[in-house]
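The next block holds one structure in the form of structure tokens; read it before the comments.
Where a number appears in this text, it was derived from the coordinates with a stated rule and is not lab data. Model, not experiment: these values are computed from the prediction. We place every Cβ from the backbone using ideal geometry, glycine too, and count neighbours over all the protein chains shown.
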Amino acid sequence: MSRDGSQAAVTAPESAPAPRAATAPSVVLPSVAIVEQTIAKARRTVSLALLGAGLIVCAVLAERTWLLGEATHIATQLAAAQQAAGLILLNDERLTMSAHLAAATGDATWVKRYDQYIPEIDAAIAQGNALAPPDVADRFNQETRAANDRLVALERYSLEAASAGNIPSAQATLASAAYAENKQVLNTGTERFAQDMVGAVNNRLTALHTQANVVMLIVAALSLAAAVLISRHLGSSLARSRGYFLDAQRVAANDMLTGVANRVSMRDALAAELARSAAMGQPLALLMIDLDRFKPINDRLGHAVGDMVLKEAADRMGKSLRQGELLARWGGDEFAVLIPACSDLNVAVAIAERLVRAVSMPMIVGGHAVDVGATVGVARFPDDAQVDAELLHNADLALYAAKAERRGSVRCYDPRMVAAPSNRALQAQLLGEAIASGQIVPFYQPIVDLGDRKARSLEILSRWQHPERGLVPPAEFIPLAESSG
């Protein structure tokens, strides 16, 4: 075809690259299923992460609560131990003071006070024994029991002498070496007991801190292990989710039946390629392809066979294209091909004719021999259009012109084709009115056996009986009826 719309043979240049086989991408899961799988996986992953974080937080809170409770308990014991040690020393001094004052004055009041302090020091010693470790309490009892008993006996003897008025004897008893020696033993044992008791509590507190550190290390190790496991699981889940999303993208970009790019993917690729071509000053070509005689096959043999025809046609066209040339199913039985960096119109036409030949070769699908062809319209950037919508429209116009002229042909866009759609739409409207008003009438053509010259059957032909034009030639309305469905 020439640029002015007149018929002219166009031959592909000898240097046109040979086609490379293209393998159609495999059909992936439906997008809805992919989204559902991804959401379910994301929910499980988030739930696992939240569970792991919750367990770690609970473990840390439990460890801190236990440590705080134990520290408070030991601190209370430490205060009680210090108090018990102080009471033992205080009551011991009170007893000593009461005994000396009673021996010095003979006053019975100090004897009564002495008797009052005995239960108090016993209670303080009992409290200390209860707080102290068993070995500390046993050592205190062993070291001080005999001395304490002897001191009590000497002090009682001194108090009885003072009460009887024998002051010198009472004073001599308290000033004796035996009293001083036992007093020293008791004081030393009591001080050691107080130190050992406080030291034991401090040791428990130190052990608690050590134990808390060990527990914290264990919790940290468990948390790290849990974090590693969760991280690995998250990584694996994210990798699978990424695969799901890639599948979803492939579903969004590919036609589910034929496996080639779909309309959305073609529009995106066309917009990107137009921007690149405009920036680099390179032309490109867009082919719009319509399968010929597909509707009768679909109607006669069913949609299953029709689907196989579409897949076979897409496969043939994909194998006829070169690397970088994009084939897309535009809708129904229409396809589109984007040819980047196409500076020669003859190359675009040669590719279109190669596609026509590939589709028109004998085809057997589902056990049926079918006769399918293709008609192609060609438009180029920037010669025929500057934007994607205009380029698509002009390629469609070229396709309509090719179908109106002859099925199986290739036409390039010509500006004079702009008026054709209006005339075509008017003709389609008139044809619809003719069908509704009964202007399409049957003509019966006999089929004669040449052997005996007898009519064997009749062929019914549709004719348009126009009220003004008379019989409209079939070549005018049959292609229009076929393309209009």
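A few points about this structure:
- Contact order normalised by residue count of region 434-485, Cα under 8 Å, 6+ apart, percent: 28
- Only Lys, Arg (+1) and Asp, Glu (-1) charged, at Cβ; region 35-229 dipole about Cα centre in debye: 860
- Residue (of M280, A221, I118) at the positive-pole extreme of the chain, dipole from beta-carbon charges: M280
- Restricting the GluC sites (Glu not before Pro) of region 65-160 to loop positions (DSSP other than H, G, I, E, B) with no more than 16 neighbouring Cβ atoms within 10 Å leaves nothing.
- Listed by chain and number, the lysines whose C-alpha is less than 29 Å from the C-alpha of K403, apart from same-chain residues fewer than 8 away, are K295, K311, K319.
- Global form of the chain, assessed from the alpha-carbon gyration tensor, a/c cut-off 1.5: prolate
- Rounded if a/c under 1.5, otherwise prolate or oblate - region 324-475, Cα gyration tensor axes: oblate
- Relative contact order of region 35-229: 30 percent, from C-alpha pairs under 8 Å at least 6 residues apart in sequence.
- C342 long-range amide H proximity, modeled H, under 5 Å: L284, A285
- Contact order normalised by residue count of the chain, Cα under 8 Å, 6+ apart, percent: 17
- Hz values of 3J(HN,Hα) by residue in region 392-401 - Karplus curve (6.51, -1.76, 1.60), Gly and Pro given as x: 4, 4, 5, 5, 5, 4, 5, 5, 4, 5
- Cα shape, region 235-333, gyration tensor, a/c 1.5 rule: oblate
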